[in-house]
Every structure is written in C-alpha cells, then in structure tokens.
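What follows is a set of notes on a single structure, which appears directly below.
Just so you know, all these numbers are worked out from the coordinates, no wet-lab data involved. Please read these numbers as outputs of a predicted model, since none were measured by experiment. Glycine also receives a Cβ, built like all others from the backbone with ideal geometry; neighbour counts cover every protein chain displayed.
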Amino acid sequence: MLQFLFPAKSGWSFITFGAIAFIGIPIVSYFGKRLNYSRTEYKFYDDHLEFEEGFFTQNRKVIRYRDIKEITLHKGMFQRIYGLGSIYIATLATGSSRGPNIFNALGFGNVSGSGVIVRDVRNPDDNYEKIRKFSESDGN
C-alpha cells in the first residue's frame, strides 16, 4: 500500500515512523499537558476544596476537609529546582476511574479514586501546612 513511498528493503519506513514517534509523541504530550494545566482550578473554601480540570477529559471533585485522612507532599528533582511540589490529598473514599484512560496514564489526570493531586504548586511547604491545618480543624 505504501510501497510507492517506501520501496521494499529501503529502511526508510522504519526511520520515518521512528522519527515521527520520537518527535511527535513528546510534542503531543507537551501541548496536552499545557492545555490541561490551563484548565485546572483549585478552589479552597472554609469547609471544602473544589477541583476542576480537563481538556481531553473533564473531572470535577469536591473534598470536605473533615473527610481528609492523609496529606502527602512530593517534591521531585525538577520540582525542587523550580520551587514547586505536588500535594496529594487523600480521603477514605475507594474506587477509581470507570476504566483505563490513556490520558491519566500519561499524567494528564489529577483525580484519583480517593483524593486529589494538587500538582506543581508554588511554595509547596507553606501550602502543605495550610491544607494540613484546614484538615485538622475541619475547616473552622
């Protein structure tokens, strides 16, 4: 079918498709993450957190501070360089998404079955402490 473009035993088909994968996948991933970040909102209220995200798939979640059971701060190597971190807010809720989702597998999703990941937040230590204090006081 594509023999007019890639004659038999030429090796160009392997090189072409390899180059497309090597260049195309990171470009799509980069722009997908950018679009997802541009549509991500965290709203902290007196008694709950509202989270909305999504470009490819849209997610919305409400977590009441009284339901928070665990707060985890993660700072990867590149996050530390730029003064960022991710805060995972877990509840006792169980379950997960309705099925496999390629976008979550690539790191586009921030919603898990039992919490929310606040990704790449500035001043992660200060924000971690604020969220921890909210959860300990049940928002009061």
### Query
How far is it, in nm, from the label point at Phe14 to the one at Ser38 when both lie 7 Å from their Cα along the line to the Cβ?
3.9
### Task
Evaluate the distance, in nm, between pseudo-label points positioned 7 Å from the Cα of Glu50 and of Asn123 along their respective Cα→Cβ axes.
2.3
## Note on the structure
So for region 33-78, using the alpha carbon gyration tensor with a ≥ b ≥ c as root eigenvalues (a/c under 1.5 gives rounded; past that, a/b versus b/c decides prolate or oblate), I'd call it oblate
